[in-house]
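Scroll down for the structure; my scribbles are underneath it.
Nothing in this text is a laboratory measurement; each read-out follows from the coordinates by a stated rule. Source: prediction; values computed, not measured. FYI the Cβ positions are ideal-geometry reconstructions off the backbone, even for glycines, and counts take in every protein chain you see.
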């Protein structure tokens, strides 16, 4: 990891609801990114609601900020609602899921969503995380001028028909 990178500890709260189809007993979704992790083991029940919903502490993670990715963080912070993406993977746990990570980089979140096997949830970024990310961007971001590359001139003869080659020569 780059010595100028920053690791910010966060925690995730998940909600489990009863499934409404015969193919899924339960439906999981991330509901909150916490700035401070509770002092309990992962997948501890935090609260049970009477309507079949249960809140779990999914675990702690680190949001990694790298100086080379500040343009992605900057675009996220400039949005009306800056987001943090929670990435979960299937695992041999009682919940069937494991917290893989949390990111504020929309590009990284998109890569995890493209795998097809990760569960990626977008949640509002907590205020403390937003302040740390904004300070990191202010310290490390460098605007790069747009450079439009010029194409080579097309050679009109490159795709022209060639004369048949005489095999006797």
Practice problem: Could you work out which residue, out of 114, 69, 152, moves most in a Gaussian network model of the chain, that is, has the largest mean-square fluctuation with Cα springs under 10 Å? | Solution: 152
Quiz item: To the nearest 10 degrees, how steep is helix 106-115 against the longest Cα principal axis of the chain, on a 0 to 90 scale?
Solution: 90
Exercise. Just report the Cα centroid separation between segment 123-145 and segment 18-63, whole Å.
Key: 28
Exercise. Can you put 56, 26 in order of Cβ neighbours within 10 angstrom, beginning with the fewest?
Key: 26, 56
Quiz item: What ranking of 115, 21 emerges when the number of other C-beta atoms within 10 Å of each C-beta is taken as an exposure proxy, fewest first?
Solution: 21, 115
Quiz item: Arranged by the count of other C-beta atoms within 10 angstrom, fewest first, what order do 85, 23, 28 take?
Solution: 23, 28, 85
Quiz item: Given the options 145, 24, 91, which has the most mean-square fluctuation in a GNM of the chain, springs set between C-alpha atoms less than 10 angstrom apart?
Solution: 145
Quiz item: Can you give the calculated 222 nm mean residue ellipticity of the chain, where each DSSP H run of n ≥ 4 adds -39,500 (n - 2.57) and the sum is split over every residue, rounded to the nearest 500 deg cm²/dmol?
Solution: -5500 deg cm²/dmol
Quiz item: How many percent of the alpha carbon pairs in segment 48-169 exceed a separation of 26 Å?
Solution: 47
Exercise. Using only Cα atoms, tell me the angle between helix 127-140 and the longest principal axis of the chain; keep it within 0 to 90° and round to the nearest 10.
Key: 30
Exercise. Quick one: among 31, 102, 20, which has the greatest mean-square fluctuation in a GNM of the chain with alpha-carbon springs under 10 angstrom?
Key: 20
Exercise. Calculate, for residue 68 and residue 161, the FRET efficiency according to 1/(1 + (r/R0)^6) with r their C-beta to C-beta distance and R0 41 Å; round to the nearest 0.05.
Key: 0.25
